[in-house]
Amino acid sequence: MAMLLGKKVGMTQVYDEAGKLLPVTVIQAGPCVVTQVKTVETDGYNAVQLGYDDIKASRRKKPEIGHAAMAKTEPKRFVREMRLPDDAAMEYSPGDSITVSVFADVESVNVSGTSKGKGFAGVMKRHNFSGFPGSHGTERKHRAPGSISSFASNAGGGGGPKKGKRMAGHMGNRRVTTKGHSLVSIDEEKNLLVVNGAVPGPSGSYVIVSSSQKAQDK
Amino acid sequence: MKTELLDAVESKSLKENVPYFEIGDIVDVHYKIKEGEKERIQVFNGTVIARKGRGINEMFTVRRMVGSEGVERIFPLNSPNVVKIKPIRSGKTRRAKLYFLRKRTGKAVKLAQQHSDHTVSR
């Protein structure tokens, strides 16, 4: 298991060996600092807390400074845990720095981020409903969801539609994970990971990169 | 900073020696084509009528007449499949996009020759 915190830089294209043009996302990942180590004895499970991106000196809170001081580092803006198997021996200690080199022999990665907010979206955009015809007598209902249930239907009964009925509402701005991006290249000097395809969120947003299950099984 | 990092990634895919050629040049474009398993190099000869895009996205359009039918191909400048670009003859042009050639037929598709150092026969 390899995991890093980073920032989405943006998308571009590169040619692979076969001369194919690949759409890639560039992620500036790490170096992350181990801010805390959790073990079965102390916390009930094994994990490593990673921190990325320093907080501006004027914006630091005392608890953050104190927490970071235990790892002899600066307070970090983006802090997430990397869960480790409970039976594994702990190989990290507070203050350790983790760089993109942990992905050196990883072929594919999962990327988690916060997707772009779309605001209040209708069912066609939000749930890929097909809407109603543009003509043939359809009036003012072209993008409507249709029937959401009746008094006695499988979609809900007299008490109203079933919970989870897909309707219009807020779309985006939630955690999304895209899986199985093949890792195109690694730039250890600039701390860059180049992954195939698009990852969630706008450029400049924080993302979590971890080796995919396929890579972990090996 | 953002574009710097993207440029650093892109720059590895850019060709180091792209030959100098201009709009209006007649060029030979040598490009790889795949036939099943085999790979061979084919040459497309014609007039460069447009160059578009920057960096990794730069494309150029080559137009030639086959019989009385115009044929255009758009090549990515930095593709490894475009093996060689050889400018042969410079044409006199007054604009950057020669789309007006699409309406011309016969002799009129040929641009007046212009002397230029990069097309002097080598």
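Of a type outside the set (S, T, N, Q), in contact (Cβ under 8 Å) with a residue 40 or more places away in the chain and part of a strand (DSSP E or B): does that describe B:I23? Considered against the rule, which asks whether it is of a type outside the set (S, T, N, Q), in contact (Cβ under 8 Å) with a residue 40 or more places away in the chain and part of a strand (DSSP E or B), B:I23 comes out as no.
Within region B:20-40, the residues that satisfy the criterion of being surrounded by 11 or more Cβ atoms within 10 Å (Cβ to Cβ) and away from chain A (no Cβ under 14 Å) are B:Y20, B:F21, B:E22, B:I23, B:G24, B:D25, B:I26, B:V27, B:D28, B:V29. The residue that is most open to solvent (accessible area, probe 1.4 Å), counting only those in region A:12-37 that are more than 8 Å from chain B (Cβ to nearest Cβ) and under 30 Å from B:K34 (Cα atoms), is A:E17. Quick one: how many residues across region A:55-70 are in a helix (DSSP H, G or I) and more than 25 Å from the chain's Cα centre (by Cα)? So the count comes out to 9. Could you check A:K179 against (1) under 16 Å from A:A2 (Cα atoms); (2) among the charged types (D, E, K, R); (3) part of a loop (DSSP other than H, G, I, E, B) and say which number it fails? For A:K179, the failing item is (3).
Looking at region B:5-19, which of the residues that are part of a loop (DSSP other than H, G, I, E, B) and touching a strand residue (DSSP E or B) at 6+ places or on another chain (Cβ under 8 Å) is farthest from the other protein chains (Cβ to nearest Cβ)? Talk me through it step by step, then tell me what you get.
Within region B:5-19, the first condition is being part of a loop (DSSP other than H, G, I, E, B), and the residues that meet it are B:14-19.
Remaining after also requiring touching a strand residue (DSSP E or B) at 6+ places or on another chain (Cβ under 8 Å): B:18-19.
Values: B:V18: 14, B:P19: 18 Å.
Only one residue fits best here, namely B:P19.
Looking for something away from chain B (no Cβ under 14 Å), within 25 Å of A:V176 (Cβ to Cβ), not polar (S, T, N, Q) and not in a strand (DSSP E or B) - is there at least one such residue anywhere in region A:71-93? Steps first, answer last, please.
Step one: filter region A:71-93 for residues away from chain B (no Cβ under 14 Å), giving A:71-93.
Now restrict to residues that are within 25 Å of A:V176 (Cβ to Cβ): A:76-84.
Checking which are not polar (S, T, N, Q) leaves us with A:76-84.
If we keep only those that are not in a strand (DSSP E or B) as well, we get none.
No, because not a single residue in region A:71-93 is away from chain B (no Cβ under 14 Å), within 25 Å of A:V176 (Cβ to Cβ), not polar (S, T, N, Q) and not in a strand (DSSP E or B).
Across region A:97-147, what is the total count of residues that are touching a Phe, Trp or Tyr at 6+ places or on another chain (Cβ under 9 Å) and part of a loop (DSSP other than H, G, I, E, B)? Adding up the residues that qualify gives 8. Just a yes or no: is a residue in region B:44-54 of a type in the set (K, R), open to solvent by less than 60 Å² (accessible area, probe 1.4 Å) and in a strand (DSSP E or B)? Scanning region B:44-54 turns up no residue that is of a type in the set (K, R), open to solvent by less than 60 Å² (accessible area, probe 1.4 Å) and in a strand (DSSP E or B). Reported count of residues in region B:41-56, each being in contact with an Asp or Glu (Cβ under 7 Å, 6 or more places away or on another chain) and within 12 Å of another protein chain (Cβ to nearest Cβ), is 2. Could you check, for region A:152-163, whether at least one of its residues is assigned to a loop (DSSP other than H, G, I, E, B), under 15 Å from A:G113 (Cβ atoms) and either open to solvent by 30 Å² or more (accessible area, probe 1.4 Å) or aromatic (F, W, Y) (or both)? No: region A:152-163 contains no residue that is assigned to a loop (DSSP other than H, G, I, E, B), under 15 Å from A:G113 (Cβ atoms) and either open to solvent by 30 Å² or more (accessible area, probe 1.4 Å) or aromatic (F, W, Y) (or both). Within region B:56-88, track down each residue that is at pLDDT below 90, outside any strand (DSSP E or B) and open to solvent by 30 Å² or more (accessible area, probe 1.4 Å). Correct list: B:N57, B:G67, B:S68, B:P80, B:N81.
The values are calculated or read from the model by the stated rules, or taken from the named source; none is laboratory data. Just so it is clear, the model here is predicted, and its values are computed rather than measured. Here the Cβ is made from the backbone with ideal geometry for all residues, glycine too, and neighbour counts use every protein chain on show. Calculation scope for accessible area: heavy atoms of the full protein, side chains included, ligands and nucleic acids excluded. Shrake-Rupley method; radii C 1.70, N 1.55, O 1.52, S 1.80 Å.
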